[in-house]
1. Out of everything in the stretch B:1-37 that is assigned to a helix (DSSP H, G or I) and touching a Lys or Arg at 6+ places or on another chain (Cβ under 9 Å), what residue ends up being surrounded by the fewest Cβ atoms within 10 Å (Cβ to Cβ)?
2. Would you mind telling me which numbered condition in (1) surrounded by 23 or more Cβ atoms within 10 Å (Cβ to Cβ); (2) away from chain B (no Cβ under 14 Å) C:ARG82 fails?
3. Out of the residues in the stretch A:259-285 that are surrounded by fewer than 24 Cβ atoms within 10 Å (Cβ to Cβ) and more than 8 Å from every other protein chain (Cβ to nearest Cβ), state the one that is nearest to A:LEU191 (Cα to Cα).
4. Of all residues being within 14 Å of the chain's Cα centre (by Cα) and within 17 Å of C:GLU321 (Cβ to Cβ) in the stretch C:48-63, which is nearest to the other protein chains (Cβ to nearest Cβ)? Just the residue, please.
5. Would you check which residues across the stretch B:222-243 are within 25 Å of A:ILE138 (Cα to Cα) and surrounded by fewer than 24 Cβ atoms within 10 Å (Cβ to Cβ) and list them?
6. Here is a list of conditions, (1) under 16 Å from the mean Cα position of the chain (by Cα); (2) under 17 Å from B:SER71 (Cβ atoms), and B:LEU221 meets all of them except one; can you say which number that is?
7. Look at the stretch C:262-281 and say how many of its residues are surrounded by fewer than 20 Cβ atoms within 10 Å (Cβ to Cβ) and within 11 Å of another protein chain (Cβ to nearest Cβ).
8. Look through C:GLY158, C:GLY167 and report the one residue that is over 14 Å from the mean Cα position of the chain (by Cα), more than 12 Å from chain A (Cβ to nearest Cβ), among the small types (Gly, Ala, Ser) and within 25 Å of C:LEU389 (Cβ to Cβ).
Amino acid sequence: MQSENSSALATLAHPQRTARLVLLALIVFACVGPFLLSDYRVFQLTLVIVHAIALLGLNLLTGYGGQISLGHGAFYAIGAYTAAILIEHFHVAYWITVPCAGMVCLGAGFLFGLPASRLENLYLALATFALGVSLPQILKYRHVEHWTGGVQGITLTKPEAPFGLPLSPDQWLYFFCLAVMGLLFAGAWNLLRGHAGRAIVAIRDRPIAAAATGIDVARYKSLTFGVSAMYTGIAGALGAIAVQFVGPDSFSFFLSLSLLVGIVVGGLSTISGAVYGALFIQFVPNLAGDISKAAPLAIYGVLLIAVVYAMPSGIAGAIDKLARRLGGFGRSTPPASVSKHRPSQPGRNHA
Amino acid sequence: METLLHQIFSGLAAGGIYGSLALALVMIFQATHLVNFAQGELAMCSTYLAWSLIHAGCPYWLAFVATVGISFVAGAAIERCVIRPVEDKPALSVVLVFIGLMLILNSVAGWIFGYTVKPFPSPFPDHPLFGNTYVGNHELGIIAVMALTVVLLYLFFRYTSLGLAMRAAAVNPESSRLVGIRVGRMLALGWGLAAALGAVAGMMIAPMVFLDPNMMSGVLLYAFAAALLGGIDSPGGAVIGGFLVGVVENVMGAYVIGTELKLTVALALIVGVLVVRPSGLFGKVLVTRV
Amino acid sequence: MHKPSSHWTLLVITTLLAVACSRSEQGAAGGDNAKATAPVASAIRIGQTMPYSGPASAYGTIGKLQTAYFKKINQSGGINGRKIEFLTVDDAYSPPKAVEQVRKLVEQDNALVIFQPLGTPSNAAIHKYLNTKKIPQLFTATGASQWNDPENFPYTIGFNINYVDEGRVYGKYIAEKQPNAKIGILYQNDDYGKDYLKGLKDGLGNKAKLVVAEATYEVSDPTVDSQIATLKGSGADTFLNVTTPKFAAQAIRRAYDIGWKPTQYLNNVSASVGSVLTPAGLDKAMGLVTIAYYKDPTDKQWENDAGMKEWREFMTKEYPEGNLSDGTNVYAYIAAQTLVQVLRQCGDQVTSENVMKQAANLKDFAPAQLLPGIKINTGPKDYVLFDQLQLARFDGTSWVPFGQVLSVL
């Protein structure tokens, strides 16, 4: 995946240095930003980080792996509830709950992926659709209500900054989430660059050829499901701690749809796309609500379709194109990975 | 025993609801090889159109025919104007447009017509046949309408050149173009027919569940499940799938697992069946070409 | 080789822009505050979250009506010379969104109170936050019972008759009038339904065994036909219908159609003649018993009632897009009047603390849209607005009150 993108940029004067400078600037900004903003804005940025992690998880599965999921909100919910239940009933420290949520979702995702990865894309869409719709109902089930708190959900307390750091709880949580995000993004980048990443993409593009070269397709597919669910579950745990509340209505089917919207709008099969997508699903619904009280979702829908028209390979793809043009690479460059493959085409690759 | 019969018959009635929308899903799949998530909302909008016509004093059957006709045109128009620009884009982009369309239609319907439920008339006589209390005339009517639709669809796709051309355009657009099929026109036609079927489904469903902007949100998942269970390329399968889903869900809910988890269990069962029989109960087995 | 640096450059630029924007926005808000503290333009800023989108959009009309109502109040001079600035925002019935929006209203817009946030999940999510911040969570638009807890959550006060109380009234009534009833209950599988069931059993007391069948439904269910068949099959002769309007109408019609003729009780949530009983069929709804506290806009008996005339005039003049047969609009109108009453009582001392004090100091306040004899009373230890209810029976055209005004306690 990387090599294609980088080949387009290989001729940049000092790509290595530029990349490092920009990365440095980004880190500096990410660290200084929260001190310039109100607590409320910092909270919003924290939510953007949380969404970005969840989107990266879904992008691993759907963008890179070519398996569609209409129900990733369920894994987000499992992560959130794992954290909330551990904190509420077992008084576990919040930061321990984050890896716990990740492990639980890794397991849940893997187990769900075992049968699901046998399904063709349209059937996988149904299975995940079903998962997304039924999980909120399961959370209300009589026999688990004691743990989940039913519809009332679980209310959490916001953690204070440790070691007497002079940070507000919102600022602390922001940095905490930022660190987790850094870790997970680096992990994903490493994963995709290596053998596993190539296998995942190979299975998406040429499943039979991949199997012929000795890749255990079924195992890889369920593993991808597990890792994807782990990312999304960690995001769910962080989200629960930031919002200080979990309830079945927090994880309605609309959440799963939003995640799908996020990865496509941000850019399929790109890592940075997760950040763009997160910005979109965090801020555009608010914008739509400000424009119209009568039919906010209609505005959102129109904006959504407009973005798909204007940027068919997502915001990341559009930026790539723009950068190439600005950099004087107007000549026919190899198409970005996104537009070349047609990942997870419901029903289209029945030959 | 009486209760069991009631459960089975109300399951069949629910199956009629799922099956009729599933038919529209099968139609659009046959024509485009995509599942349209906005299909339910399109049907809901058509039903509001029929309601408005009836409310304006139009007799039922005239409103019915007009609604089906207008929906056909609207469906084709949506394909031409909204879907065409992303037709050659990755499938997920198309799915996103479906989601956008779904949100827009739902939101606009709520804005225009409000969210209070409206009664929608049934074309069938009110008094049950032979004084039975198990199944009302509307439920019988919906089953008859579905059976008729299935037969017509079967004949259309099997024996008319237009139907064959549509299937060809969906399965293999490049080769179809070579033999002179206007693929673009076929897609628009498929959308139009799906919208028309959706309109029929909406007008059949609304008398049972009442008309409101969210009337299809619960139905869509079941219809999707029914269509896949029966085999997404088989109209008859979709209807039988609908009945199966309805009856299994009701009987399980009433006797085995309780109403709280009936959706979950019903869906788990369906997914289980699909793992074993990936092309549905009546679908054609697909062979992937390397 | 790393990720294309262009991405990150752009990301930095956009984020910086975003920061710049929000900074300037903050500046503007700060400016407003400066004005707000100045004695001249002392507006009262009221915040609200409403589900203008999402599964509960039907209730969005509450926020729209109240916007129109406060506009009218401002046109006629405001409250004690102060204008109301009403900021109502969409939370899509999603708790995380509600938290985000309420934080914006409180921290960015400096709202004095959060008025009628709607829905149990959204209110549960902001409950602790608002109490920590000491911002009134005023007249929550939900009937859950936990809002009446002045000891632990002094800044939260509910509005609706709570579901447990309503369920208890039915329970007491059935225990007294039908001591041998066999009760079947249909309820929504969430706190709303479960609170009712709890109240019912509470009211039945040692007769709780009278409940022979319980069936639940999910809002995603297309119909409740199967549940009605189950209830009929249980041999129940009394039916407590705890459902939202669409399902209530389905249940009433279905019970009639399959030949089940129990004594029926219908919860207040769905007691609208226009939007429930008419769709279900008025003949099929004959004899239903419900609890009421405000006047139904589609009920013929209030056609010439002064309070309802006032409401209808308001609707046609100020909120013409509103639905005249929707009882929610009457409810929203009463709630808006109650807020205005609280603010009037505050006099010149319009602080969050005093708003809360006055909200807990309503004495015999009776908006003209409430049923005769029903009055709002609160006290520092009593955060329940309505502790009286009226039973009513449907006679085929309207709800006929019968018996005394009942106390819920």
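1. If we take residues in the stretch B:1-37 being assigned to a helix (DSSP H, G or I) and touching a Lys or Arg at 6+ places or on another chain (Cβ under 9 Å), then B:GLU2 is surrounded by the fewest Cβ atoms within 10 Å (Cβ to Cβ).
2. The single condition C:ARG82 does not satisfy is (1).
3. A:GLN282
4. Looking at residues that are within 14 Å of the chain's Cα centre (by Cα) and within 17 Å of C:GLU321 (Cβ to Cβ), I get C:ALA58.
5. Pass one, the stretch B:222-243, residues within 25 Å of A:ILE138 (Cα to Cα): B:222-229, B:241-243.
Selection gives B:PHE243 alone.
6. Only one criterion in (1) under 16 Å from the mean Cα position of the chain (by Cα); (2) under 17 Å from B:SER71 (Cβ atoms) is unmet by B:LEU221, namely (2).
7. Looking only at that region, the number is 3.
8. C:GLY167 is the lone residue from the list that is over 14 Å from the mean Cα position of the chain (by Cα), more than 12 Å from chain A (Cβ to nearest Cβ), among the small types (Gly, Ala, Ser) and within 25 Å of C:LEU389 (Cβ to Cβ).
The values are calculated or read from the model by the stated rules, or taken from the named source; none is laboratory data. Quick caveat, the model's predicted, so the values are computed rather than measured. As a convention, Cβ positions derive from the backbone with ideal geometry for all residues, glycine included, and neighbour counts pool all protein chains shown.
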